[in-house]
1. To the nearest hundred square angstrom, how large is the accessible surface buried between A and B, total for both chains, probe 1.4 angstrom?
2. Find the accessible area per residue for the range A:33-82; the probe is 1.4 Å, ligands and nucleic acids are left out, and the unit is Å².
3. By the scheme Lys and Arg +1, Asp and Glu -1, what is the net charge of all other residues having a beta-carbon under 10 Å from that of A:Ala101?
4. Quick check: the distance between the Cα centres of the range B:7-42 and the range B:66-84, to the nearest angstrom?
5. Compute the signed sum of charges (Lys and Arg +1, Asp and Glu -1) over the other residues within less than 15 Å, Cβ to Cβ, of B:Ala32.
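The values are calculated or read from the model by the stated rules, or taken from the named source; none is laboratory data. Computed from a predicted model, the values in this text were never measured in an experiment. Methodologically, a virtual Cβ is constructed for each residue, glycine included, from the backbone with ideal geometry; neighbour enumeration extends over all protein chains shown. Accessible surface areas use protein heavy atoms only, side chains included; no ligands, DNA or RNA. Shrake-Rupley method; radii C 1.70, N 1.55, O 1.52, S 1.80 Å.
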Amino acid sequence: MASEAPIRTPDDEKQAGASDVNADDDAALMIAVRGGDERAFTTLVRRWQDRIVSLANRYLRSAADAEDVSQEVFLRVHRARETYEPSAKFSTWIYRITVNASLNHIRSRKARKAVSGELRPAGDGEPGGLPEPADPNEPDPTEGPEKDELARVIREILDELPERQRTAILLNKYQGLGYEESAAAMELSIPAVKSLLTRARVAIKERLEPYLTTGEWPRERDPRA
Amino acid sequence: MTETPPSPRTCPGTPPLSAEDLVAWLDDELSATDARRVESHVVACPTCAGEADLLRRTGDLVARLPRMTVSSGFADRVVAAARTAPAGRLVTSRRWSFVRTAAAAAVVVAGVGAWWAVSRPGDPGQLTAREEDEIARDLYVLAHLDTLQSADADELARIADDLDVIDAVPSEEGNGG
Ligand SMILES: [Zn+2]
């Protein structure tokens with residue numbers, strides 16, 4: 001399911017009229033969607049799908065769940081077409097929906113796990129049963145074999161960050177949003193985001209420092225050492 | 001998880017350089033004046049120079065985390081699903097919108113909240129996500145009482161659907177160490 005394949009196919013380009021589509025045209029596409037243009041919606045989905053699924057997967061650590069949540073995100077975008085205000089930057093809007101949907105999915109996953117744990121014996125493979133949450137020890141489906149330990153460790157560190165720090169650093173560094181855009185997506189002030197980003201960055205650096213200074217993990221941190 | 005202090009390294013400068021300035025400088029988010037100030041500090045301060053190097057590499061590593069691509073046919077499935085779904089009056093980012101509404105109402109409830117925070121057991125002063133959601137939902141209902149009272153069944157169903165994202169589900173958040 002997950003791959004590092006190129007995002008666009010020639011068909012996508014044709015359908016999107018992509019040569020004249022750039023990041024500023026999302027609002028224009030959204031206005032077309034509002035007018036009932038299904039092709040515009042298809043274009044919008046294809047332009048954003050990999051960014052959205054990647055961000056969702058950072059929270060969910062399950063390619064299947066990330067895709068489910070991404071579908072939900074786009075359906076929300078579609079449902080909201082009639083009230084979409086072009087003044088709102090599309091990128092911050094869709095990232096906000098993605099973060100909300102991902103966090104909400106995690107919460108309901110935890111709730112389902114709690115309920116199923118009470119009501120059913122473990123390992124019950126009953127059809128229609130509830131999906132298992134991602135096992136933190138399972139390799140990330142987006143990460144190659146040993147490429148690696150480092151990505152796994154960073155993922156763990158991100159998981160342990162307070163929610164808003166994690167969201168801030170993912171929006172800023174992983175999705176490449178500037179402070180202002182990250183702040184808009186999180187509906188926080190720029191100083192608040194600056195503070196979250198600093199804390200997140202320092203926390204991650206602290207954990208990575210053994211690796212950053214020596215290029216190797218200390219023995220106790222590597223189960224295979 | 002406990003909050004990390006802004007910087008574990010003590011800059012010996014007077015005044016010391018803040019971690020926020022250092023990170024914002026690395027991210028190219030400072031004004032020209034502030035950037036020059038930080039740069040000249042870093043050049044002269046080995047502690048901050050070392051810290052800057054580690055923080056820069058940390059940011060690069062997060063930026064280079066693997067990306068995913070969706071499975072084939074994803075867009076077609078989404079479009080097909082959207083075709084059957086009616087347009088709604090989606091309240092996007094409800095939780096954060098609610099939190100904003102909550103901020104306006106916070107003045108009113110601050111006194112009660114303070115009492116509640118100290119009187120409830122465990123983790124005083126910090127709401128769990130579930131509690132936040134419940135409060136946000138209640139505030140939403142309060143703020144939209146007129147609309148809700150005059151809404152017909154379809155309208156109510158739509159609002160209920162919109163509110164599902166903050167449906168109260170047990171959350172383990174806020175219990176972490
Ligand atoms: Zn210094």
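1. Result for this pair: about 6600 Å² buried.
2. Per-residue value: 29 Å².
3. Values: positive: A:Arg76, A:Arg96; negative: A:Asp68, A:Glu72.
Surrounding charge for A:Ala101 is 0.
4. Comparing the Cα centres of the range B:7-42 and the range B:66-84, I get a distance of 44 Å.
5. Values: positive: B:Arg36, B:Arg37; negative: B:Asp21, B:Asp27, B:Asp28, B:Glu29, B:Asp34, B:Glu39.
Net local charge, B:Ala32 excluded: -4.
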